[in-house]
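A.B. asks: Before we start, here is the structure in question, set down as structure tokens.
The values are calculated or read from the model by the stated rules, or taken from the named source; none is laboratory data. All figures in this text were calculated on a predicted structure; none of them were measured in a lab. A quick note on method: Cβ atoms are made from the backbone with ideal geometry, for glycine too, and the neighbour counts reach across all protein chains shown. The protein model used for the area step is the full one, side chains on, heavy atoms only, and it has no ligands, DNA or RNA in it. Shrake-Rupley method; radii C 1.70, N 1.55, O 1.52, S 1.80 Å.
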Amino acid sequence: MNAAILKVKGITKVFPGVKALDNVSFDIRPGEVHALVGENGAGKSTLMKVLAGLHKPDGGEIIYQGEPIQVAGPLDARQKGILLIHQELSLSPELSVAENIYLGAWPTNRFGVLKKRELRRDASRALEALGCGFGPDVRVGTLSVAMQQMVEIARAEAFSANVVIFDEPTASLTDNEKDQLFQTIRGLKARGVGIVYISHKMDEIFDITDRITVLRDGQVQGTVETQDTGLNQVTRMMIGRTLDAYFVKAKEMFGAKVLSVDGLSKNGQFSDVSFSVREGEVLGLYGLVGAGRSELVEAIFGVRRADAGTIFWKGAPIELPTPRQAIDMGMALVPESRKEQGLVLMMGGRENTSLPHLKQFSEMAVMSRSKELATYEKYQSALAIKTTGPDQAMSQLSGGNQQKFVLAKWLCAEPKLIILDEPTRGIDVGSKSAIHELIAELAEKGLAVIVISSEMPEVLGVSHRVLTMSEGAVVAEFKGDDMTEENLIDAVSHHRGSDAA
Amino acid sequence: MSHTMDSRPNRALSAALSWLLRNHIWVFLALTVVVFSVASPYFLTVHNIGNILTQGAFIGILAIGMTMVMIDGEIDLSVGAILALASALAIGLQDHMGVWPAICLGLLSGAALGFVNGTLVALSGMHSFVVTLGALIGIRGLVFVYTGENALMVQDFSYTEIPEIYIGPISITAIIFFAMALFFQWVLSSTRHGRETYAVGDNIEAAHGAGINVKRHKIINFTICGTLAAVCGILLSMRLGTAEPNAGKVWELWTIIAVVLGGIRLQGGFGSMWMTIGGVLTLAVLRNGLRLLNTPNYVELMVMGAVLVLALVLDKLLNHGGDER
């Protein structure tokens, strides 16, 4: 029981500019479910990709069944008995279940002709062992997500895996499907398979795992026995950071209420959320990943459609808006993934800034270059953006400067309310404090600002008031002297504790 | 989760229906056959059907290779030019080395050009549309250089007798087409290479993650496509007795039309030779039928364009419920 089946010793992985894994060690025993937790960017996925042969480590060693091994690639890992079940399923929808289970490792004769009967037979056996309700001939594209996941798990049977790694397996499952998955995991466990379970959902982790290893900023914070620990401790290990930056807070000059929401709900994402924000106020929205923060603001902005609740704009109730209506009213949402949603990387600052407001910048559908340039110059100097010129492609700029252009883009519509989702994720420290100063400036000019962040010092540093969210609900509100790290951690973890009990 | 047990004939019926839903081009084909049979007394005769099969076989052979490449999610625009080069080599080299070695060299030229296409696509990361567009122009230029801008004539007339072999009303050309279509259908459904083709076209990340050598795989399929283009070119030169430098011009487009008409999608991961055969025959029937009715050439083009769009709308409605954005 105690002899580890897989040991990771001092693994280090460096990406340009980031140390994704820093001397990471942990081990997996046969028949245990070992949780790997940490905030986004902590290095969980990188570590798993190293184990599954998708990344080559820059240092350290992997000891498997007592011997050091090199994992040459994904197929090699699978054949050795280490199986990664991806967050995004890695299946071919047009192929059959049997063909997917053995994807790339189909049984063939010397001439590459498939041994179809053998393929079907072995696949059926794996499916039966798992108690799947579908046969090997079904096209994978016609299966539900949960069933597709079972197809991936069936690979564990088919390749007699000794280590199975689940990366956020319940992300798109219903409660029923989740229960079935847990039964399957317990089945694997009973047969001595070592399981790594990566998840953001704490109740699941306390439900199914035996040990928990916490990663933060690429380093192991510690490994604990699940039964000897509590949510509070794990949460603390995950997010306890040191205050390493100086924050500017806007002067408190609050005006009228700009936005209020009352009882806003969306099934499975957030429920019964009510709050308001005033002119000149910075409202922080804190919670761990998966708490429903982004979903909430997307619903306010109209990217998602809420099921119930009312939104008030400047005191009057409005219909749930579309994004266009939200923009026209004076809302701006700066999304988290700026590369996907915020910027056209091939274009320069001039074109990106005018992109959401093409009407303003054109006459009879012809773009006015001079207007564009004037606006570009205004924001480029106001936000101190470093570029070589108005047409330098976004892709050549640093993350911090890109983020400033995202802000410029929304600011030039002169919004009344600006929502910033993780405004400083992935940008360097210098740019971070520039963004923080900017937030304060905007608020002092009378804008209402909502800041979503997973970084506790940032939320505490820039906000006048903080709402904490957990599992889709606003669980607490802190002002003034109550705004401390301790209180925020308690709010986020206690709620989860009562939920899991 | 228990499957409801259908009674056997019901299940056979639903299997047949779902086959027709995926291969709806065959319904379309049947429809066009009925329409032309009514419209022209000459259409539904053994002789005419034999003609249709022979005429369709040339685009058909190109379409087989194109299908392999398109299921991979790629495209090959150079097949018309490869065809012209192979036919020119097969005829031009006969005087120096005899018929069969010349044919072999023609085939080899197609394989080599397909290999180059595939290598460029796989190693450079450029899209195959761009790579083979370049090949289309470059190879055509090569043909003009080799032929000196003149049609090459056959000297050894045993060469032109080969396509005169018939089994019943069916020409050797048509038989070669069907035999190869069936062979590659078998490759797709029963070999490792076939599974790889679907896997690569469907979800290239998953295929790569599963340890499939995606690059080598794509090179093989482009080589197949080039070789088949050469086969088509040689058969064409046998039938015509000449190799024209302009042979096969815009045939790459007709080939893509036939394949797409069959229901194969440009984004890859999906399709079969049954679909391709259906598309090829439908195209051949339309051409033949419209000519029997003495339709002017431009009307013929308009009708074919309309049919193509109609077939694609039908595909969208039948197979996606029309709900895709």
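A.B. asks: Just checking: which of the helices (runs of 4 or more DSSP H) contained wholly in the range B:226-325 hold 1 or more residues that are among the charged types (D, E, K, R) and open to solvent by less than 50 Å² (accessible area, probe 1.4 Å)? Lay out the reasoning, then the answer.
C.D. replies: Numbers: elements: B:251-261, B:273-292, B:297-320.
In the range B:226-325, B:251-261, B:297-320 are the helices (runs of 4 or more DSSP H) which contain 1 or more residues that are among the charged types (D, E, K, R) and open to solvent by less than 50 Å² (accessible area, probe 1.4 Å).
A.B. asks: Search the range A:67-83 for residues being in a loop (DSSP other than H, G, I, E, B) and open to solvent by 60 Å² or more (accessible area, probe 1.4 Å), and hand back the single one that is modelled with the highest pLDDT. Spell out how you get there, then give the answer.
C.D. replies: Going through the range A:67-83, the residues in a loop (DSSP other than H, G, I, E, B) turn out to be A:70-73, A:81.
Pick out the ones that are also open to solvent by 60 Å² or more (accessible area, probe 1.4 Å) and you get A:70, A:72.
On the way: A:Q70: 89, A:A72: 85.
By that ranking, first place goes to A:Q70.
A.B. asks: May I pose another question? Out of A:G43, A:G81, A:G112, A:G38, report the one residue that is of a type outside the set (V, I, T), at positive phi and free of Cβ contacts under 8 Å to residues at least 40 places away in the same chain.
C.D. replies: Working: A:G43 fails: free of Cβ contacts under 8 Å to residues at least 40 places away in the same chain; A:G81 fails: free of Cβ contacts under 8 Å to residues at least 40 places away in the same chain; A:G38 fails: free of Cβ contacts under 8 Å to residues at least 40 places away in the same chain.
After ruling out the rest, the residue left standing is A:G112.
A.B. asks: What number of residues within the range A:151-195 satisfy the criterion of being in contact with a helix residue (DSSP H, G or I) (Cβ under 7 Å, 6 or more places away or on another chain), open to solvent by 10 Å² or more (accessible area, probe 1.4 Å), among the hydrophobic types (A, V, I, L, M, F, W, C) and part of a helix (DSSP H, G or I)?
C.D. replies: 1
A.B. asks: I would also like to ask the following. Among the residues of the range A:451-465, count how many are within 18 Å of A:M238 (Cβ to Cβ) and buried (at least 23 other Cβ atoms within 10 Å of the Cβ). I'd like the intermediate steps shown before the answer.
C.D. replies: Keep residues of the range A:451-465 that are within 18 Å of A:M238 (Cβ to Cβ), which gives A:452-460.
If we keep only those that are buried (at least 23 other Cβ atoms within 10 Å of the Cβ) too, we end up with A:452-453, A:458-459.
Qualifying residue count for the region: 4.
A.B. asks: Can you tell me which residue in the range A:387-403 is modelled with the lowest pLDDT, limited to those that are touching a Phe, Trp or Tyr at 6+ places or on another chain (Cβ under 8 Å) and either in a loop (DSSP other than H, G, I, E, B) or among the basic types (K, R) (or both)?
C.D. replies: Per the stated criteria, the residue is A:L397.
A.B. asks: Taking A:L114 as meeting all but one of (1) buried (at least 22 other Cβ atoms within 10 Å of the Cβ); (2) facing chain B (nearest Cβ under 9 Å), write down the number of the exception.
C.D. replies: It is condition (1) that A:L114 fails.
A.B. asks: A:M48 versus (1) at pLDDT below 90; (2) in contact with a strand residue (DSSP E or B) (Cβ under 9 Å, 6 or more places away or on another chain); (3) within 23 Å of B:G209 (Cβ to Cβ); (4) open to solvent by 10 Å² or more (accessible area, probe 1.4 Å): which is the lone unmet condition?
C.D. replies: Unmet condition: (4).
A.B. asks: Let me ask another. Given the conditions (1) at pLDDT 90 or above; (2) not assigned by TED's automatic domain parsing to the domain that holds A:M456, report the number of the one that A:G218 does not fulfil.
C.D. replies: It fails just one condition, (1).
A.B. asks: Name, by its number, the condition in (1) more than 9 Å from chain B (Cβ to nearest Cβ); (2) assigned to a helix (DSSP H, G or I); (3) surrounded by 15 or more Cβ atoms within 10 Å (Cβ to Cβ) that does not hold for A:N100.
C.D. replies: Just one mismatch for A:N100, condition (1).
A.B. asks: Exactly one condition in (1) without any contact (Cβ under 8 Å) to a residue 60 or more places away in the chain; (2) open to solvent by 10 Å² or more (accessible area, probe 1.4 Å) is not met by B:A207; state its number.
C.D. replies: Exception for B:A207: condition (2).
A.B. asks: So, one more: For B:V131, which of the numbered conditions (1) in contact (Cβ under 8 Å) with a residue 40 or more places away in the chain; (2) surrounded by 13 or more Cβ atoms within 10 Å (Cβ to Cβ) fails to hold?
C.D. replies: Here B:V131 clears every test but (1).
A.B. asks: Can you tell me which of (1) without any contact (Cβ under 8 Å) to a residue 60 or more places away in the chain; (2) among the small types (G, A, S); (3) open to solvent by less than 30 Å² (accessible area, probe 1.4 Å); (4) away from every other protein chain (no Cβ under 14 Å) is the one B:A179 doesn't meet?
C.D. replies: Every condition holds for B:A179 apart from (3).
A.B. asks: Can you name the residue in the range B:191-240 that is among the basic types (K, R) and facing chain A (nearest Cβ under 9 Å) and is also farthest from the chain's Cα centre (by Cα) among such residues?
C.D. replies: Step one: list which residues in the range B:191-240 are among the basic types (K, R), which gives B:192, B:195, B:215-216, B:218, B:239.
In the following step, the residues that additionally are facing chain A (nearest Cβ under 9 Å) were identified as B:192, B:195.
Working: B:R192: 22, B:R195: 20 Å.
In this case the residue turns out to be B:R192.
A.B. asks: Here are the criteria: (1) closer than 24 Å to A:I419 by Cβ; (2) assigned to a helix (DSSP H, G or I); (3) open to solvent by less than 80 Å² (accessible area, probe 1.4 Å). Tell me which single one A:A384 does not satisfy.
C.D. replies: (2)
A.B. asks: Check the range B:147-169 and report whether any residue there is touching a Leu at 6+ places or on another chain (Cβ under 7 Å) and more than 14 Å from chain A (Cβ to nearest Cβ).
C.D. replies: At the first step, the residues of the range B:147-169 found to be touching a Leu at 6+ places or on another chain (Cβ under 7 Å) are B:163.
Adding the requirement that they be more than 14 Å from chain A (Cβ to nearest Cβ) leaves B:163.
Checked the range B:147-169: at least one residue is touching a Leu at 6+ places or on another chain (Cβ under 7 Å) and more than 14 Å from chain A (Cβ to nearest Cβ).
A.B. asks: Of the residues that make up the range A:73-85, is at least one away from every other protein chain (no Cβ under 11 Å), farther than 24 Å from A:A171 by Cα and not acidic (D, E)? Break it down stepwise before answering.
C.D. replies: Restricting attention to the range A:73-85, the residues satisfying the condition of being away from every other protein chain (no Cβ under 11 Å) are A:80-83, A:85.
Restricting the remaining residues to those that are farther than 24 Å from A:A171 by Cα gives A:80-81.
Next cut, not acidic (D, E) only: A:80-81.
Yes; the residues of the range A:73-85 include at least one that is away from every other protein chain (no Cβ under 11 Å), farther than 24 Å from A:A171 by Cα and not acidic (D, E).
Let's see how each residue does on (1) at pLDDT 90 or above; (2) outside the structural domain of A:H200 (by TED's automatic domain parsing); (3) within 30 Å of A:H200 (Cα to Cα):
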| residue | (1), (2), (3) |
| --- | --- |
| A:L103 | no, no, yes |
| A:N109 | no, no, no |
| A:L130 | no, no, yes |
| A:V145 | no, no, yes |
| A:A156 | no, no, yes |
| A:N162 | yes, no, yes |
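A.B. asks: Would you confirm whether any residue within the range A:412-431 is within 16 Å of A:K249 (Cβ to Cβ), touching a residue at least 12 places away in the same chain (Cβ under 8 Å) and of a type in the set (A, V, I, L, M, F, W, C)? Steps first, please.
C.D. replies: Here is the first cut: in the range A:412-431, the ones within 16 Å of A:K249 (Cβ to Cβ) are A:420, A:423-424.
This time we only want the ones that are touching a residue at least 12 places away in the same chain (Cβ under 8 Å), so: A:420, A:423-424.
Okay, now just the ones that are also of a type in the set (A, V, I, L, M, F, W, C), so A:420.
The answer is yes; a qualifying residue exists.
A.B. asks: Tell me, which helices (runs of 4 or more DSSP H) lie completely within the range B:1-105 with 3 or more residues that are open to solvent by 30 Å² or more (accessible area, probe 1.4 Å) and of a type in the set (S, T, N, Q)?
C.D. replies: Details: elements: B:8-22, B:25-39, B:46-71, B:79-92, B:94-97.
Those helices (runs of 4 or more DSSP H) span B:8-22.
A.B. asks: For A:K378, indicate whether it is modelled with pLDDT of 75 or more, among the charged types (D, E, K, R), surrounded by 22 or more Cβ atoms within 10 Å (Cβ to Cβ) and closer than 30 Å to A:K257 by Cα.
C.D. replies: Working: modelled with pLDDT of 75 or more: yes; among the charged types (D, E, K, R): yes; surrounded by 22 or more Cβ atoms within 10 Å (Cβ to Cβ): no; closer than 30 Å to A:K257 by Cα: yes.
Judged against the criteria, A:K378 is not a match.
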